[in-house]
Structure formats: C-alpha cells, structure tokens
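A short worksheet on the structure shown next.
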Amino acid sequence: MKRTPKETEDSARLIGRRSLIVAGVMAGTGAVLAGRMRYLQLERADDFRLLAEENRINIRLLPPARGLIFDRAGTLLAGNEQNYRITMVREDADDIDEVLRRLSELVNLDMGRLARAREEMLARAPFVPVTIADRLSWEELSTVAVNAPALPGVTPEFGLSRVYPLGADFAHVVGYVGPVSDWYLETTGDTDPVLQIPDFQVGRYNIEARMENSLRGRAGTKRVEVNAGGRVMRELDRDAATPGSDLQLTIDAGLQNYVEARMIGESAGAVVMEVQTGDVLALASAPTFDPNLFVRGISTTDWNTLNQDRYRPLANKAVQGLYPPGSTYKMIVAMAALEAGVITPEETVYCGGFTELGNRRFHCWRRGGHGHMNMIDSITQSCDVYYYELAQRTGIEAISAMARRFGCGVRHDVPLSGVVEGLAPTMQWKRENRGEDWLVGDTLNASIGQGFVLSSPLQLAVMTARLATGRMISPRMVKSIDGREAGPLHGEDMGLHPDHLALIQQGMYRVNNHRRGTAYRSRTEDAAYTIAGKTGTSQVRNITAAERRAGVISNADLPWERRDHALYVGYAPYENPRYAVSVVVEHGGGGSTAAAPIARDILLRAQHGDVPPPELYPADQRREIENLHERLPLRPAPPVDGPTGGSSQA
C-alpha cells in the first residue's frame, strides 16, 4: 500500500528520534568504558601490575642449617647430612592425583607416605609445600628433575637432615629433633614462618629442645619465576638463610661412652662433674636409645618397644629420676649438726641396732648394732642409729636448709628436659602437701635419706662437688656458643667451718679406704687416684616387724621392682679433688655391691683419661676387671670435627 506524504513524514521523524536515542546510549556507554579504561590503566595501573607480578613470581623460604653440637674437645655430637627430597605445592598442580600418579611411575614411592602427603596437602594452605618423598638417591632426584615439565607443582630439592654420629651415647644429653607437628605449634605458640618449610626439624628433647633458639637460625628467601603450570622457570634472586649457632658442650665424649657402657644391663643414672668448675663431663642414663630414630618420626614398633621397656630407656634418670638418697644424705645431716653445734666430732652415740620412739623401733641396717660411734666412724660404717640421734637434736628445718645449701631440693639450671627439683621436706611442706603435722618419726626417716626426701643423680653430684671443695659449685653443660666461651662459675665459699668440712671429708675417705668402710672393696691401689665417697641403699618397700623377726628377705630373693635402690657418691683424688660422681642403680640391691664398683671405675677413667689399667685395682680384682673391660662395647676415639677446647684432663 502506498504511504501518504504525512505517513512518510511521521515515520522519518520517529526513526530520527530512535537514532538519536541509540546514538546517545552508545555515546554514553563509550564514555563509561573510556572512563573505566582510564581508571584501570592509569589510576590502578600499579595495583594490577603488582597482581600480575605475583601471579608469576613466587617467594619461597630457604631453611637455615641447624647449628652443630660438639663435645669439649671438638668431637661432633649432632650434625647435618644432605637429604634429597621432592616437594609439591597444591595450588601449582592442575590435578594432584594425576601428578602423584605420574610421579609414582618415575620414583618408587611409599604408598602410605603418599597418602599422608595427599591428606596434608588438602589440610594445609594451598601455597604451602608438602614433602612427597625424602632420602632419595641422586639418580632418583635427577629423574624427577628431567621430567619436571610433566609434573606441575613438583620440585626436587636439596635439604639437610639431623644426624647423631655417636648414637645412643648422647640421647640423654643432646636429645633429638623431630618434624613440626600441630601439637608442637599449639603448645609452644611458635609462629616463626620457617616452621612451614616441608620437613623442617625442631628440637624435641634435651639440649636440642632447650637451646632451640640458638640452634635454629633464621630462614632466607628466594624469588622464583613460575609458568602457568606451576613449573619453576628460573630463580631471580635470594637472601641466604642464617645458620644456627654452633654449641660446644662441657661433655667428654670418651668418658660419656665409658659411663654408658659401664652401666649396660642396669636401670641406672650417673653424673660426673669437675669439682673446681662445675663442668658436667658425663651425664648418662641406662638403658639408652638411638636418637636417630626420632629424626623423621619414630615408627610405632620402635616407639612401643621403648615405651614398654620396664627399665624406661626414654626417661633421663640422671636429671628426671627422683630417689630416696639413702645414706648418701648422712653427710648433710652431719654437717647440719656440726654447724648447729649440737654435737662434737669426738662425742659418741651407742648403736644397739635400733632406736625406740614411742612404741616404734627405727632399725639400723646392721641388726646387731655398731656399738659406740663417733662422727667419722658413723660415716665410715654408715650407722643409722647415730643419725637418728643427730636428727632429733638438729631438727628437720636445719637439716633441709643444709640440704638446699648443698644443692638438694633445688632445680639446677641445665639445658635438659624435665629437670626435677627434688625434695628437702619441711614442716610447712607436709602441712601444705599432705594436710598433716610433721612427726618426729618423719625426721628420723629423713636423717637416713628415706621418708619424704628425694634427690636426683645430678643433685647428688652437685652435693658431692660442694663437699669436696666447700664452694657453691653449680653444674654447667654449655662451654661455648659460636666460639664465645661461657666462663665457668667457680662458686663462692659456702661459709662452712673448715674443720667441719674436713671431718666429713675424712669420713668419706675412710668409706673407701678403711677395712670397715662400706665401700672398701671399691678402693684403688695407687695413692694418686684415691677415692673418697659414701654408699647408700634406699628401700622401696616396707619391712614388717614379722619379717624382721623371721629375717629380712634378701634383695636377691625379691622381684626386681621390689629390691632396694643402690647409690654411691664420691670424689677423687682425695688430696686434690678434681672429679665428683654420683651413681644410682635402680633396684640394684646395695650401694656397696652395685653402685660403688661402677662409680670407682668411672672415677678412675676420668682421672686416667682412658680405660683404667688393672694395676690401679686391688690385686685380687685385676683379672675380673680385665674381663669386664674386654666385654664393654667401647668406641674408638672419634675424630675431632669442630671447635677444640680442653679435654677432661685439662
């Protein structure tokens, strides 16, 4: 149909208006887009440039080398060994299951560990690397590196892993490291980013744990360029990690090995100290274990074996073990009585085999008694009745104060795990902890190192060093840090009357060197090596009146866990003391038979500097000693690898 001129005019007007509207919308849209482009390209340019850079540049942490640990002569006790491993970053892998499948075709992987690694990747932040395999050979690592293009997110790495070349000898001194666990992070609150590095190791026990801040070092960083598949294309730059500090201990590796070997077959603890400096030369606990088992995470089988052993190899008996000190405590009681002026050295106490207190008898270890005893005789023959009398005259407060003065009932500041405080009980302690009043009978029990009194081998060694010198000797285990010497603390004078101290020392001399001394069999034949000491035996069970009437059951006839503990403390040489030792043999039976022979051998080894020759022993014991030393699994002298210092003979 032909349109009229008016209709044509109206149509043209309508089209013109629509064109104007469309043109306006397009112009507005263009203006908005232009403005947005200007905003993005000019005003936000730096922000987007940074985002683009972060998409292709990754910053990764570099683990620091853990500080080394040496003995006093420079023998390596804890080092680092090369470790080839493979790590994987989840956000850089397209399909982690596919990548793991490809990887398993190239390298023989443990399926159990692979499953744990996958779980760890899913549990951690996607940018955190997770170790897939470690302890690889160079050939295996090279295979992975060559096939890197087909393994997005996978990185072959060179790392360091802790190693303990002397193994079990130093488990209870150096301790061990282990992987960073969620439990570790929660309990320590440690937020150091270095802990996110795959398989990073932290100290978990003893010096490795207590000196963690010095040994750890500081992480470095490196910037790497990665492609869209997560493969590292090149390293752009790096800030090297700062290694941890090297430690040199006061421990003598040779002496430590001898002490550990000498206690094989026992459940025991021993400490050897230099009496002039407080340097701990050996600190041993038997049985021991190989700390290398813990470095990568101990297996369930190994853990159960250690944990179920009734001799408790995981416990450090030298500093964690608490024992009634038995008769080794008598020097404390004697010194307290002398300083309080309640007895003179010549005064005697009659021992008829027991003391009566009310309707109870407190027995001497010698059933028939010792007769008249003065102080030196009482130490020599270890008469209990003498000390029952001294304790009643002196009182528990003065005795316990003297014990703390000599280092018992005190937590000593050494860098080991679980160092115990021990117990030198007082009246207030019993009221607060037992809700009971102190009894005179408690004082009598304490006078022979029984009852509530508890000490560790470390505390007994400190006590002995102070008895030998009359000075406040304190234990020291770290000799230097990065070569900076930590000066020994020689200790101030204890302020004791020198005649009183000399009297106690004379009594200890007679213990080993008088025919009636309780450790006479553990004497030496050479005057230059003469030992002064004290035996101790502490009960772990009650002996009933009926048993005493019938005859006390011999330790040999009792189950192991019901036998008495055996103790010995001593120092040598007597004329010019250099070394103090304490030995506790759990359920060993008697101090004179179980602990004193071990302590005698240890003191001779410390003085001689090597396995003591038979000539230092009584003639009738030399063949036995030769056979003993032939059986001991002693190490040859290890090489010196690091900083040197004086040996125990210095």
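What follows is calculated from the coordinates using simple rules that are stated; it is not laboratory data. Just so it is clear, the model here is predicted, and its values are computed rather than measured. A quick note on method: Cβ atoms are made from the backbone with ideal geometry, for glycine too, and the neighbour counts reach across all protein chains shown.
Just a few scattered comments:
- Both radii were evaluated on the Cα set of region 178-306; the Rg over Rh quotient, with Rh as the Kirkwood radius, amounts to 1.10.
- In order along region 382-387, phi translates into HN-Hα couplings of 6, 6, 6, 4, 4, 7 Hz, rounded to whole numbers, per the Karplus curve 6.51 cos²θ - 1.76 cosθ + 1.60 with θ = phi - 60° and x for Gly and Pro.
- Selection from 369, 443, 507 lying farthest towards where the dipole of the chain points positive, charges on Cβ: 443
- Cα-derived Rg to Rh of region 324-452, Kirkwood definition: 0.99
- Cut-off 12 Å between beta-carbons: net charge of the residues surrounding residue 596, Lys and Arg +1, Asp and Glu -1: +3
- Net +/- balance of residues flanking residue 422 in space, Cβ distance below 11 Å, scoring K and R +1, D and E -1: +1
- Residue exposure sequence - 598, 473 - by fewest surrounding Cβ within 10 Å: 598, 473
- Cα Rg over Rh - region 566-612, Kirkwood: 1.01
- Student exercise, the chain dipole from Lys, Arg, Asp, Glu Cβ charges, in Debye to nearest 20: 1160 debye
- Note on region 316-355: along the principal axes its Cα atoms extend 42, 27, 13 Å, ordered by decreasing extent.
- Charge tally in the Cβ shell below 14 Å around residue 30, where Lys, Arg are +1 and Asp, Glu are -1, residue 30 excluded: +2
- D_trans [Stokes-Einstein, Kirkwood Rh over alpha-carbon pairs] for the chain, 37 °C, 0.692 mPa s, µm² s⁻¹: 112 µm²/s
- Region 240-298 and region 558-596 have Cα centres spaced 20 Å apart.
- Rounded to the nearest 20, the size of the Cβ-charge dipole of region 483-617 about its Cα centre is 560 debye, with Lys and Arg at +1 and Asp and Glu at -1.
- Stokes-Einstein diffusion for region 244-325 at 20 °C, viscosity 1.002 mPa s, with a Kirkwood radius from C-alpha pairs, works out to 150 µm²/s.
- Simple spin-label estimate for residue 356 and residue 98 gives 9.6 nm between the two label positions (7 Å along the Cα-to-Cβ direction from each Cα).
- Segments 580-586, 67-73, 143-149, 461-467 sorted - mean Cβ within 10 Å per residue, highest first: 580-586, 461-467, 67-73, 143-149
- Largest-first principal axis extents of the Cα set of region 253-631 (Å): 61, 46, 45
- The fewest-to-most ranking of 355, 518 by surrounding Cβ atoms within 10 Å reads 355, 518.
- From least to most packed, judged by other beta carbons within 10 angstrom and beginning with the fewest, 564, 302 follow the order 302, 564.
- Euclidean distance between Cα centres, region 395-472 to region 597-626, Å: 32 Å
- Restricting the calculation to Cα atoms, every distinct pair contributes to the Kirkwood radius of region 521-638, found to be 15.8 Å.
- The orientation-averaged projection of the convex hull spanning the C-alpha atoms of region 408-567 amounts to 14.7 square nanometres.
- Value of D in µm² per second that Stokes-Einstein yields for region 61-249, Kirkwood Rh from Cα pairs, at 4 °C (1.567 mPa s): 73 µm²/s
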